[in-house]
Amino acid sequence: MPDSDHQITVSFHDSIAEIGAAEWDICACPEAKSGRACDPFTSYRFLQALEESGSVGPGSGWEPHHVVARQAGEVIAVAPLYAKGHSQGEYIFDHNWAHAYERAGGRYYPKLQIAVPFTPVTGRRLLTRRGHEATGRAALVQGAVDLAERHGLSSLHVTFCNADEAAQAEALGLMARRNQQYHWHNRGYQSFDDFLAELSSRKRKNIRKERAAAQGFGGDIRQLRGAEITSAHWDAMWAFYQDTGARKWGTPYLTRAFFELAAERLAEDVLMIVAERDGVPVAGALNIIGREALFGRYWGCGEAHANLHFELCYYQAMEFAIAEGLDRVEAGAQGEHKLARGYLPQVTHSLHWVGDPGFSQAIAQYLEAETAAVEEDIEILTGYGPFRRSTGDERE
């Protein structure tokens, strides 16, 4: 047995408030003491807003059971852990696994999920204090697996983790899964025209036409931050979110109270891009600002206008990233239409543990074939991007 001063203990908590902001954020975002968090979505205030607003918790299918690892009484690692009663709001979906498991006579739900609810953004999910990466991650993984086994739960999933976490957890026995989404990378551009100069002539002309059509909708497009975002803008964004969510998912995930808390506590992390006519928002896109990236989250509109979605969600976001010197824009899950606009496929990672040995073996075989297909898709899709393939492609 290890020396008691070095022994690691693991505990679980039904509310992030039981852990506290200081101990959570020293693991999740210590860099935020000197600026923005790299991943705002794992910060204490974001996850607490989800809980306080009722977006997660009783009746939501996302029951918090956050895991904490301590060594010599000091918190060395934390993870946002939830007991899930469904597979909604995850974006790396296991619906087929659940159906197969239950057809075989098993009970797939509840399962355990280490994730940021409703947020398909890659980042650290096994959050460790600096210097405790290996031991902290191992403790979190083992603790979560032990919890699943102790309660007879079907599975544990870690979604949108980073590549380092995926490699270590795979070595610990979890199954790795790879998927893809589309990101735009800032190659040191000084202006949007610098970006356009790297595109093929046809793609460059198409983007200019789209932007001109969108900006001619009959009003103004504004980028708003902090106190510039009024209660009227938040009300409009909530209405847009409701409309888009009802059409895409059936039931929007976030509550109205979350938007109220976001206005109160997260406004400095928000970039809201709105299209207004006579001061009234007719469409909007809500983004979260990180230290290195802009994360596109929600879009909606009250009126349909050609290409306005592309302008607010993609081109305006790119202009903001260039102006702020951010490395990239992550515009959310799915959407091959992003390719023509400079957003190229990137690998995403998730991890999975399934208690039933036979089912686990079947999933492992499935993941091997899926990974090969994903890698091939990324290679093919990248070739369809808008960038010039040779210096011989004419510039304007």
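The values are calculated or read from the model by the stated rules, or taken from the named source; none is laboratory data. As the structure is a computational prediction, the values presented were derived from the model and not from experiment. In this analysis, Cβ positions are derived from the backbone assuming ideal geometry, glycine residues included, and neighbour counts consider all displayed protein chains. In case anyone asks, the SASA skips ligands and DNA or RNA and just uses the protein heavy atoms, side chains included. Shrake-Rupley method; radii C 1.70, N 1.55, O 1.52, S 1.80 Å.
Of the numbered conditions (1) surrounded by fewer than 15 Cβ atoms within 10 Å (Cβ to Cβ); (2) more than 22 Å from the chain's Cα centre (by Cα), Ile221 fails exactly one; give the number of that condition.
So Ile221 meets the others, but not (1).
Output the residue which, of all residues in region 174-200 that are in a loop (DSSP other than H, G, I, E, B) and either at pLDDT below 95 or among the polar types (S, T, N, Q) (or both), is nearest to the chain's Cα centre (by Cα).
Only one residue tops the list, namely Asn186.
Given (1) touching a Cys at 6+ places or on another chain (Cβ under 7 Å); (2) at pLDDT 95 or above; (3) buried (at least 19 other Cβ atoms within 10 Å of the Cβ), identify the lone condition not met by Glu292.
Condition not satisfied by Glu292: (3).
Any residue in region 2-14 that is open to solvent by less than 50 Å² (accessible area, probe 1.4 Å) and over 19 Å from the mean Cα position of the chain (by Cα)?
Checking region 2-14: at least one residue is open to solvent by less than 50 Å² (accessible area, probe 1.4 Å) and over 19 Å from the mean Cα position of the chain (by Cα).
Could you tell me how many of the residues in region 15-31 are assigned to a helix (DSSP H, G or I) and either under 15 Å from Glu74 (Cβ atoms) or open to solvent by 40 Å² or more (accessible area, probe 1.4 Å) (or both)?
Number satisfying all stated conditions: 10.
Would you mention how many residues in region 288-306 are small (Gly, Ala, Ser) and in contact with a His (Cβ under 9 Å, 6 or more places away or on another chain)?
Qualifying residue count, region 288-306: 1.
Inside region 256-289, can you point out the residues that are surrounded by fewer than 22 Cβ atoms within 10 Å (Cβ to Cβ), more than 19 Å from Ser53 (Cβ to Cβ), aliphatic (A, V, I, L, M) and touching an Asp or Glu at 6+ places or on another chain (Cβ under 8 Å)?
Within region 256-289, Val282, Ile289 meet the criteria.
Looking at the structure I just gave you, is Ala212 assigned to a helix (DSSP H, G or I), open to solvent by 40 Å² or more (accessible area, probe 1.4 Å) and at negative phi?
yes
How many residues, within region 43-74, are within 16 Å of the chain's Cα centre (by Cα), within 22 Å of Thr9 (Cα to Cα) and touching a residue at least 40 places away in the same chain (Cβ under 8 Å)?
Qualifying residue count, region 43-74: 0.
Starting from region 17-29, keep only residues that are within 10 Å of Ser43 (Cα to Cα) and modelled with pLDDT of 95 or more, then list their pairs with residues that are open to solvent by 20 Å² or more (accessible area, probe 1.4 Å) and not in a loop (DSSP other than H, G, I, E, B) whose Cβ atoms are within a distance under 8 Å, requiring at least 6 positions of separation or different chains.
From residues that are within 10 Å of Ser43 (Cα to Cα) and modelled with pLDDT of 95 or more, the pairs are Ala21/Tyr44; Ala21/Arg45; Ala21/Gln48; Trp24/Tyr44; Asp25/Ala32; Asp25/Tyr44; Ala28/Tyr44.
So which of Ala139, Ala104, Ala83, Ala79 is open to solvent by less than 10 Å² (accessible area, probe 1.4 Å) and not hydroxyl-bearing (Ser, Thr, Tyr)?
Ala79
Within region 304-343, work out how many residues are free of Cβ contacts under 8 Å to residues at least 40 places away in the same chain and among the acidic types (Asp, Glu).
Final tally of qualifying residues: 1.
Residue by residue through region 323-340, note down the ones that are crowded, with 18+ Cβ neighbours inside 10 Å and modelled with pLDDT of 95 or more.
Leu326, Arg328, Val329, Glu330, listed by residue number.
Check region 352-375 and report whether any residue there is open to solvent by less than 20 Å² (accessible area, probe 1.4 Å) and assigned to a strand (DSSP E or B).
yes
If I filter region 118-130 for residues that are in a helix (DSSP H, G or I) and surrounded by fewer than 22 Cβ atoms within 10 Å (Cβ to Cβ), do I get at least one hit?
Within region 118-130, not a single residue is in a helix (DSSP H, G or I) and surrounded by fewer than 22 Cβ atoms within 10 Å (Cβ to Cβ).
Determine which member of the set Glu165, Glu170 is under 20 Å from the mean Cα position of the chain (by Cα) and part of a helix (DSSP H, G or I).
Result of the check over Glu165, Glu170: Glu165.
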